[in-house]
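The values are calculated or read from the model by the stated rules, or taken from the named source; none is laboratory data. Nothing here was measured: the structure is a model prediction, and the numbers come from that model. In this analysis, Cβ positions are derived from the backbone assuming ideal geometry, glycine residues included, and neighbour counts consider all displayed protein chains.
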Amino acid sequence: MLKVEGLTVRADSLALVHEVSFAIAPGERVGLIGESGSGKSLTALSLMGLLPEGVTAAGKATMGGNDLVGVAESRLKRLRGRDVSMVFQEPMTALNPLMRIGAQVAEVMTLHGTPRAQARQKAAELLERVRLPEPGQIARAYPHQLSGGQRQRVMLAIALANEPDLLICDEPTTALDVTVQKQMLELIAEVAPALLFITHDLAVVASVCERVLVMYGGRVVESGPIREVFTRPRHRYTEGLLAASKLTPRGTRLPTIKGSVPPAGRFPDGCVFRNRCPQATPTCETVPALTGDGHAFACWHPAD
Ligand SMILES: Nc1ncnc2c1ncn2[C@@H]1O[C@H](COP(=O)(O)OP(=O)(O)O)[C@@H](O)[C@H]1O
Ligand code: SF4
Ligand SMILES: [Mg+2]
């Protein structure tokens, strides 16, 4: 359904995302993980045609046969929300503070040609579907009158309004407290037609997704079924991420990946993880290819 081939994102001459390829089948739930600065958000934004000023995407991405990269804004506007739609981390910036919730949900449908009365009716149904209490009251409220968790549900209702085939969520629950977070995740897993879920929280990915893509330095370094990747990581970066996320008994030291994610443009040549990897050898000065069916990884000296 979604097919991404050789997606590269640049700001001026600097490549921020390199040759990323992956696919999502109808109904599939895929996690995209990696430390902050790995290129997760730019990958998602390029699929939505929502890259920031001065940042451009090249390569190929298609959704049900429609091109998503390198097409005119007018055409993307029609696809956005209908083929692919996205829920962001901070709903307050995405909602119009001066417009009532019900009208905002209805507007995304009228913009796509749904008659006004029908859009109003469907907006009410959507607010109920994302399990907002008292949906009628919420519809008449303004964004600042809702809690963070309620606003995030409204964003989900907006994202679902035009019945997209794929939902992209970028760290949708990071700003919410733990119990609200859990309810939101269950809701997303239930209502998403197919899902690309971005997070740095490995436990969340394990509970929501079936497959995972691990990104580092703007590249996919490992991908495969969650169970396999999480129980038998092969790339040394994935191995480090998992070790750092393990809960350790009180008093024992949490293993962490040494060093920190370099700023864009400062990753080493060859394997991008080379300057932080305990297993690096001179061979790693050559870029390792992402290989393997099902469970794939790009590492010269994989863990076993
Ligand atoms: N508008 C921009 N101009 C230049 N560099 C950017 C821009 N947006 C993001 N970057 C850089 O691209 C890299 C990847 O960013 P991002 O996709 O946001 O990472 P993630 O979502 O994994 O944290 C980071 O080094 C970030 O600083
Ligand atoms: S290719 Fe080399 S540097 Fe990169 S993760 Fe594998 S062992 Fe480490
Ligand atoms: Mg991000």
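Considering segment 136-148 alone, what residues qualify as being surrounded by fewer than 19 Cβ atoms within 10 Å (Cβ to Cβ) and either touching a residue at least 60 places away in the same chain (Cβ under 8 Å) or assigned to a helix (DSSP H, G or I) (or both)?
The answer is 136, 137, 140, 144, 145, 148.
Of the conditions (1) more than 30 Å from residue 25 (Cβ to Cβ); (2) under 19 Å from the mean Cα position of the chain (by Cα); (3) hydroxyl-bearing (Ser, Thr, Tyr), residue 110 satisfies every one except a single condition; which number is it?
Here residue 110 meets the rest and fails (2).
Mind listing whichever residues of segment 291-304 are away from ligand 2 (no atom under 11 Å from the Cβ), within 17 Å of residue 219 (Cα to Cα) and in a loop (DSSP other than H, G, I, E, B)?
Of everything in segment 291-304, those that are away from ligand 2 (no atom under 11 Å from the Cβ), within 17 Å of residue 219 (Cα to Cα) and in a loop (DSSP other than H, G, I, E, B) turn out to be 292, 295.
All but one of (1) within 9 Å of ligand 2 (Cβ to nearest atom); (2) among the basic types (Lys, Arg); (3) farther than 17 Å from residue 238 by Cα hold for residue 266; state the number of the condition that does not hold.
All conditions are met except number (1).
Taking segment 7-39 only, how many residues are in contact with a His (Cβ under 8 Å, 6 or more places away or on another chain) and without any contact (Cβ under 8 Å) to a residue 40 or more places away in the chain?
0
One residue is enough: does segment 232-251 have a residue meeting the conditions aliphatic (A, V, I, L, M), touching a Pro at 6+ places or on another chain (Cβ under 9 Å) and in a loop (DSSP other than H, G, I, E, B)?
As a first pass, look at segment 232-251 and keep what is aliphatic (A, V, I, L, M): 241-244, 247.
From the residues that got through so far, the ones that are touching a Pro at 6+ places or on another chain (Cβ under 9 Å) too are 241-244.
If we keep only those that are in a loop (DSSP other than H, G, I, E, B) too, we end up with none.
No, because not a single residue in segment 232-251 is aliphatic (A, V, I, L, M), touching a Pro at 6+ places or on another chain (Cβ under 9 Å) and in a loop (DSSP other than H, G, I, E, B).
If you scan segment 83-110, which residues turn out to be over 14 Å from residue 156 (Cβ atoms) and modelled with pLDDT of 90 or more?
Listed by number, the residues that qualify are 84, 96, 97, 98, 99, 100, 102, 103, 106, 107, 109, 110.
So, residue 70, is that one in the same structural domain as residue 239 (by TED's automatic domain parsing), without any contact (Cβ under 8 Å) to a residue 60 or more places away in the chain and over 30 Å from residue 238 (Cα atoms) or not?
It is true that residue 70 is in the same structural domain as residue 239 (by TED's automatic domain parsing), without any contact (Cβ under 8 Å) to a residue 60 or more places away in the chain and over 30 Å from residue 238 (Cα atoms).
Out of curiosity, is residue 283 in a helix (DSSP H, G or I), within 15 Å of ligand 2 (Cβ to nearest atom), exposed (fewer than 14 other Cβ atoms within 10 Å of the Cβ) and polar (S, T, N, Q)?
Spelling it out, residue 283 is indeed in a helix (DSSP H, G or I), within 15 Å of ligand 2 (Cβ to nearest atom), exposed (fewer than 14 other Cβ atoms within 10 Å of the Cβ) and polar (S, T, N, Q).
Residues that are polar (S, T, N, Q) and more than 16 Å from ligand 3 (Cβ to nearest atom): list the strands (runs of 3 or more DSSP E) wholly contained in segment 172-231 that include at least 1 such residues.
219-225
Taking segment 149-177 as the search range and keeping residues that are in contact with a Gly (Cβ under 8 Å, 6 or more places away or on another chain) and under 28 Å from residue 62 (Cβ atoms), which one is surrounded by the fewest Cβ atoms within 10 Å (Cβ to Cβ)?
Here the residue is 165.
Quick check on residue 204: is it modelled with pLDDT of 90 or more, within 22 Å of the chain's Cα centre (by Cα) and surrounded by 14 or more Cβ atoms within 10 Å (Cβ to Cβ)? Reasoning before the result, please.
Working: modelled with pLDDT of 90 or more: no; within 22 Å of the chain's Cα centre (by Cα): yes; surrounded by 14 or more Cβ atoms within 10 Å (Cβ to Cβ): yes.
No, not satisfied.
What number of residues in segment 1-56 are away from ligand 3 (no atom under 16 Å from the Cβ) and hydroxyl-bearing (Ser, Thr, Tyr)?
Final tally of qualifying residues: 4.
Does residue 259 meet the test of being closer than 21 Å to residue 202 by Cα, assigned to a strand (DSSP E or B) and assigned by TED's automatic domain parsing to the domain that holds residue 37?
In short, no.
Checking the conditions here, which among 288, 302, 233, 268 is surrounded by 15 or more Cβ atoms within 10 Å (Cβ to Cβ) and not assigned by TED's automatic domain parsing to the domain that holds residue 29?
So the residue among 288, 302, 233, 268 that is surrounded by 15 or more Cβ atoms within 10 Å (Cβ to Cβ) and not assigned by TED's automatic domain parsing to the domain that holds residue 29 is 302.
Just to be sure before I move on: is residue 211 farther than 30 Å from residue 163 by Cα and either outside the structural domain of residue 22 (by TED's automatic domain parsing) or basic (Lys, Arg) (or both) in the structure I sent?
Working: farther than 30 Å from residue 163 by Cα: no; either outside the structural domain of residue 22 (by TED's automatic domain parsing) or basic (Lys, Arg) (or both): yes.
Considered against the rule, which asks whether it is farther than 30 Å from residue 163 by Cα and either outside the structural domain of residue 22 (by TED's automatic domain parsing) or basic (Lys, Arg) (or both), residue 211 comes out as no.
Report yes if some residue within segment 14-23 is at pLDDT 95 or above and under 15 Å from residue 194 (Cα atoms); otherwise report no.
For segment 14-23, residues at pLDDT 95 or above and under 15 Å from residue 194 (Cα atoms): present.
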